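Novice: Here you go, one structure.
The values are calculated or read from the model by the stated rules, or taken from the named source; none is laboratory data. Small disclaimer: the values here were computed from a predicted structure and weren't measured. Quick reminder, even Gly has a Cβ in these numbers, built from the backbone with ideal geometry, and neighbours come from all protein chains shown. All accessible areas refer to the heavy atoms of the entire protein, side chains included, with ligands and DNA or RNA removed. Shrake-Rupley method; radii C 1.70, N 1.55, O 1.52, S 1.80 Å.
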Amino acid sequence: MESVHLPRGEAALDGRLLIGGEWVAGKELAAKLSPVDGKPIAEFCQAAGLGGRREALSRLRRLLVERRGAIVATITRETGKPLVESYFEVVEALECLKFMPARAAKLLRERRVVLKQPTFFLKKVRQVWEPYGVVGLISPWNFPFSIPMGELLQALAAGNTVVFKPSEWTPFTGLLLGRLLTDAGLPPGVVNVVTGDGRTGAALVAAAIDKVAFTGSVPTGLAIGRAAAERGIPASMELGGKDPAIVRADADLATAPEGVLWGAVMNCGQGCSAVERVYVERGIHDAFVERLAAACKRLVVGDGAEPATSVGPLINPAQRAKVCAQIEDAVHRGARVVCGGEAPARLAASGGWFLEPTVLANVDHTMAVMREETFGPVVPVMAYAGEDEAVRLANDCVYGLGASIWTRDLAGAEALARRLRAGNVWVNDVLFSHAAPETTWGGTGLSGHGYTHGDAGLLTYVHPKWISIDGSTAPKDGWYPYGPERREFADAVVELLYGHDLLKRARAIPRALRGMR
Ligand code: TXE
């Protein structure tokens, strides 16, 4: 905020705003007039509405472009992901900035509604959208910049304030996000960043917030959902996934393996919509696996800060151990490791949590790797015969976030897409729509409820409020007193408004008119 000249001589006449424990000057001033002589006593701030917020968000857009080097360096330093993938996060944040404030201004405009019921016809009814108030935002580490930025922008554009807790594995990206917002001139107190682990998250849910927006694992999501329910506040949940890729026999064998591999291994496989199960039509199964493995072996594993790196490390030892345990379980149950499966020898001395991208064949649904979220660079491939089997296998899952179909038959793909249990189905591509904020992101089953991005996402940050004004003070038809006349009137109204027989409806008109107040 810009500084203004306010009288400071008398503490009682200091007209600054008290926000978050600090005295802050506002931009617009108003005079307080004395009732004794009508002269100004002093000036006080006229606190800005969403207008000031919008200005700050447009400055934020400039800052993101100007400081992109520092932003991607921080994301890559904390997560190890390739710099290109950190740029994806900046691009997505910029797309959210372009879309959300402008879309919110349109979507959340208040509107007049004309009621169709004859007895309510003269009432003036308006629907307005109100923010919840303070949103507690709890975010994961896998996309530590773009996920919270998308949520923050929706929450702010809808008029809320936010207390944001980044993951304990990416605190500095979270704090950087806060710095960018304050440097853009967002008023103090509108966005607050608190770092810490699950205990901080639990304390935030127990604090005086009005809504929780959570992205993360299923067990934590369920715990937060329970805590929110006990407080009676809404909670939106973006949880995990186990996305299937269905590769039909008519897929482009030159590009489909590359696309599936990218979908599975991008961000070291740590994406809620990473490809985690691949079903390939039997006729092309062997050729597909061969090409997939060849593409996989070309990937360079290493520190994401190195320009040649295509796959970084996993985020922490627990994540690595979980992925390795799934590979072991699969092998134990008869899976074949086509390539990868171990830490790259070249990086053995690094101390990092690396794992070679791994292709598994001969997998089935008894294996954890085909049932539970893996969140690692593993591509398990299974053959199928006929579309019904593909649908059955794809839908045999507790999650329902995304799915991809690889084929040249676009009409067939569309029909197949409608049979899959998922919030997003991509044909001949995967994942991309998280960077297109006009599309809603979310799923079914254990993938969560409550949506992000798009109109449905913005609407999770507001509640509708209806204001109905009756210009007449006359008593209304439904009010007391009741009695035989009222009963007669009610009966006539049902016949007149909802009856099928035209003659009976006509006969009800005088009865209804007689009873009207
Ligand atoms: O997630 P958590 P973790 C999945 C993925 C991964 C697994 C574990 O399968 O292997 O989750 O990852 C905060 N009250 N996903 O342990 O615990 C925590 O501090 C309030 C999928 O990192 O869900 C962090 O900020 N908050 C997912 C956030 O919750 C609590 C992305 C997420 O941590 C809390 C990440 C509590 N009781 C992991 N406990 C996706 N959908 O993309 C923890 N937190």
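Novice: Can you tally the net charge around Glu281? Count Lys and Arg as +1, Asp and Glu as -1, for every other residue whose Cβ sits under 10 Å from the Cβ of Glu281.
Specialist: Spelling it out: positives minus negatives among the neighbours equals -1.
Novice: Give me the net charge of Thr170's neighbourhood, meaning all other residues with Cβ under 14 Å from the Cβ of Thr170; Lys, Arg count +1, Asp, Glu -1.
Specialist: Result for the neighbourhood of Thr170: -2.
Novice: Which peptide among 87-95, 137-145 comes first, and what is the full order, when sorted by highest mean count of other Cβ atoms within 10 Å?
Specialist: Output ranking for 87-95, 137-145: 137-145, 87-95.
Novice: Okay, next question. Shape call for region 243-435 from the C-alpha gyration tensor, a ≥ b ≥ c root eigenvalues: rounded (a/c under 1.5), prolate (a/b greater than b/c) or oblate?
Specialist: Because a/c hits 1.5 or more and a/b exceeds b/c, region 243-435 counts as prolate.
Novice: Can you say what percent of the DSSP beta bridges in the chain, counting only those with both residues inside, are antiparallel? Round to 5.
Specialist: 40
Novice: Lys and Arg at +1, Asp and Glu at -1: add these up for the other residues within a Cβ distance under 9 Å of Met149 and post the number.
Specialist: -3
Novice: For region 36-114 and region 251-325, what is the separation of their Cα centres, given in Å?
Specialist: 34
Novice: Right, another one. Could you tell me the accessible area of Asp37 in Å² (1.4 Å probe, neighbours in place), rounded to the nearest ten?
Specialist: 90
Novice: Quick one: how many Å² of Phe121 are accessible to a 1.4 Å probe, rounded to 10?
Specialist: 120
Novice: By how many nm would the segment from Ala490 to Arg61 lengthen if fully extended, with 0.36 nm per residue of separation less the alpha-carbon distance?
Specialist: Taking 0.36 nm per residue and subtracting the Cα distance, the gain is 148.5 nm.
Novice: Could you work out the Kirkwood radius for the chain, taking every pair of different alpha carbons, averaging 1/r and inverting it, reported in Å?
Specialist: 26.4
Novice: Listed highest first by mean packing, meaning other Cβ atoms within 10 Å per residue, what order do 354-361, 417-424, 374-381, 276-283 come in?
Specialist: 374-381, 354-361, 276-283, 417-424
Novice: Along Cα→Cβ, 7 Å out, is where each label goes; now give me the distance between the ones at Ala203 and His463 in nm to one decimal.
Specialist: My value for the distance between the label points is 2.7 nm.
Novice: Right, something else. In whole angstrom, note down how far apart the Cα centers of region 146-196 and region 474-517 are.
Specialist: 57
Novice: Give me the percent of Cα-Cα pairs in region 474-515 that sit more than 16 Å apart, rounded to a whole number. Write down the numbers at each step before the final one.
Specialist: Working: 298 of 861 pairs.
Tail fraction, whole percent: 35.
Novice: Mind checking which lysines have their C-alpha under 19 Å from Lys242, skipping anything on the same chain fewer than 8 residues away?
Specialist: Output for Lys242: Lys322.
Novice: Using a 1.4 Å probe on the protein heavy atoms only, what accessible surface does Arg487 show? Give it in Å² to the nearest 10.
Specialist: Answer for Arg487: close to 150 Å² accessible.
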